[in-house]
Amino acid sequence: MSLTRKGAIHEALTLAARMADESDTLDDPKARFFGRFTYACALGRLGRVDEALPLLEELIQHSQEHGLPFERGLTLFERVSTSYRRGQLDDAERDAIDAAELFVSLGARWHVASMINIQGVCALDRGELSRAETLLRQALDRFEALGAADATLAAVNLGLLTLKQGRPEDALHILTPAVRRLHAQGDHLHELEVRLHLLDAYARLGRWTGWDEELNALSAHAAALPASRADLLRLLEEAADAAQDAGWTQGAARARALVRSIGARASAAAPATTG
């Protein structure tokens, strides 16, 4: 069962807690590690990070005491994700650096690329654009060398960086093939996120035909755009404003209609309240 599946996560947590308890009775340090590690991951996915982080710290100590370097790396990897989701960029990057060094020594190339990528994302979030570009390009090169699907999302991060640097032409060059790959992979949420940024790139370049094509693609898959993601709706509203300011009024009206449609869907899905 995937621990990230919505609707299954609470059941997964119960199973993981049982697994952790049962693994504690075993003589095998690795089995005890994975029992507890699965439980810690489930807690993190549920947002119960105050419970997950101390358990991850215990697992780091456990893996060190029992000579389990790869398992220590996995724990650092999970702690990186947990810290990043919490907005603790310094903690996430520090662990990512340690984990990358450990995975290099173990020859775990995909894990190395992943940890370099998160370092780049942390730098991007801080606005350290030059450093972010160096790290994200390293991660992308490593993922591509492995033929890993993660190369697509690494390319997206690099494309967003170029937008922040005021390089919309470069952003189009990077994000256009990335969005096609996301579409082919059926990853519609990430696809729509990227298309929202492509609207920004086209608007900056004044290429309104391309802007219209992206809005058409967004409209066709609008059901995959969560109304709860205020950040994405804000990007769509900003796209409408940019079109309006440029005199592309018909496009602006269509973008605002799409925002209203998504908002109406959210209202319809909200539970009724009684006075």
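FYI, it's all coordinate maths here, none of it is from the lab. Given the structure is predicted, the values throughout are model-derived calculations rather than measurements. All Cβ positions, even for glycine, are placed from backbone atoms using ideal geometry, and neighbour counts span all protein chains on display.
Some points to look at:
- The residues of region 93-111 that are among the hydrophobic types (A, V, I, L, M, F, W, C) and surrounded by fewer than 23 Cβ atoms within 10 Å (Cβ to Cβ), listed by number, are 97, 102, 104, 106, 108, 110.
- Residues (among the aromatic types (Phe, Trp, Tyr) and closer than 22 Å to residue 100 by Cβ) located in region 35-84: 37, 70, 77, 84
- Residue within region 98-119 that is charged (D, E, K, R), more than 15 Å from the chain's Cα centre (by Cα) and outside any helix (DSSP H, G or I) present: no
- Residue identified as among the aliphatic types (A, V, I, L, M) and buried (at least 17 other Cβ atoms within 10 Å of the Cβ) among 205, 215: 215
- Being polar (S, T, N, Q) and under 26 Å from residue 134 (Cα atoms) is a property that residue 216 lacks.
- The residues listed here are 113, 171, 178, 201; of these, the one that is in contact with a helix residue (DSSP H, G or I) (Cβ under 8 Å, 6 or more places away or on another chain) and under 28 Å from residue 46 (Cα atoms) is 113.
- If you go through region 176-205 and keep only what is of a type in the set (Val, Ile, Thr) and within 16 Å of the chain's Cα centre (by Cα), you end up with 179, 194.
- Filtered residues of region 218-251 (kept if in a helix (DSSP H, G or I), over 15 Å from residue 196 (Cβ atoms) and of a type outside the set (Ser, Thr, Tyr)): 223, 244, 245, 250
- Residues that are assigned to a helix (DSSP H, G or I) and polar (S, T, N, Q), drawn from region 147-178: 152, 157, 162, 176
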